[in-house]
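Attaching a single structure in structure tokens format; questions to follow.
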Amino acid sequence: MELEYLKAITNQDSNDARLIQMNDAIDEETFNFLFPLKTTDFERCFAKPKGSYDKHSHNISFRCVNNGECCNGFVSHENCSKLKINRITKDMRIYEAKVEKAKENGTDINIEDIPDTLLCSDCLALKRSFVELNEQLAKERKEEDEKCIEKHATEWIEQEKTLTLNPNRQFNSKLSAREKFDFIQPPKDSTGEHERLLEEAVRSMKYRDFLQTPYWNACACRRRQMAGYACELCGATRVPLQVHHKTYEHHGMEHIERILRKDTVVLCETCHAKFHNKLPD
């Protein structure tokens, strides 16, 4: 340990002329020296900008001598010799990792993949325009997809009103409880529009009509199957079983198994009558 050396480090003048100054030219040799340094050591190589009190908040602008090419060769033009840098060691490592991965996959590096701190003002503006364009295109694609989903869902629910939500229709008697339940499932979509329209259609029906639909028949058959074809109060088997709603909070969503299990109960005729207070306990 050398005390004089420690003093020299702690007394280092942050504005020493030998440090890298604002707009100094950074040649390739200096750049390669700076690149592997830890953040603390890296920042000590730069003079502290006037008026800056937080060493972690300032950006350092300098000129990088790289044969007129900017942003690691992505673009080449006259104004690309001035770069803005902030924590270049971290950003460069991230960028280099992306470059290596791209090489392995045989793909190209896009300007969106280059950290902002490694781009000059012109290329940064170009990058942001690309990002804004992609965001706009994504928004338009999403809106178009939602319109297609809405159109398909509207056509589908109108068809279901003539089929599974029609009190005058019945399932083929050869279908199993599982097959019936699978048949009434609405198509999955990113907006939940099919689910919403199905719930809306069921809730708009008279309850007595709803109980006659293939939709409810499928739900009731599946619920009895889930209960093991036994009354869930007394355990009776080999008797007629009815599916009773404990709540109508999620009415129109009985095709979802967890809701069907939670909101309904399988009862024999005797227990069902007790539920409706038709028989004494």
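Which residues, counting only those in segment 126-168, are among the aliphatic types (A, V, I, L, M) and surrounded by 11 or more Cβ atoms within 10 Å (Cβ to Cβ)?
Passing the criteria: LEU126, VAL131, ILE149, ALA153, ILE157, LEU163, LEU165.
Further question: Working only within segment 234-253, note down all residues that are in contact with a strand residue (DSSP E or B) (Cβ under 6 Å, 6 or more places away or on another chain) and of a type outside the set (Ser, Thr, Tyr).
Once the filter is applied, which keeps residues that are in contact with a strand residue (DSSP E or B) (Cβ under 6 Å, 6 or more places away or on another chain) and of a type outside the set (Ser, Thr, Tyr), segment 234-253 yields ALA236, VAL239, LEU241, GLN242, VAL243, HIS244, HIS245, LYS246.
Listed here are the residues, each with its yes/no results for (1) at pLDDT below 70; (2) among the basic types (Lys, Arg); (3) not assigned by TED's automatic domain parsing to the domain that holds THR30.
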site	(1), (2), (3)
ARG63	yes, yes, no
MET92	yes, no, no
LYS98	no, yes, no
CYS123	no, no, no
PHE130	no, no, no
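Inside segment 197-225, can you point out the residues that are of a type in the set (D, E, K, R), part of a helix (DSSP H, G or I) and without any contact (Cβ under 8 Å) to a residue 12 or more places away in the chain?
Selection gives ARG208 alone.
The values are calculated or read from the model by the stated rules, or taken from the named source; none is laboratory data. All figures in this text were calculated on a predicted structure; none of them were measured in a lab. Every residue, glycine as well, gets a Cβ built from its backbone with ideal geometry; the counts of neighbours run over all protein chains shown.
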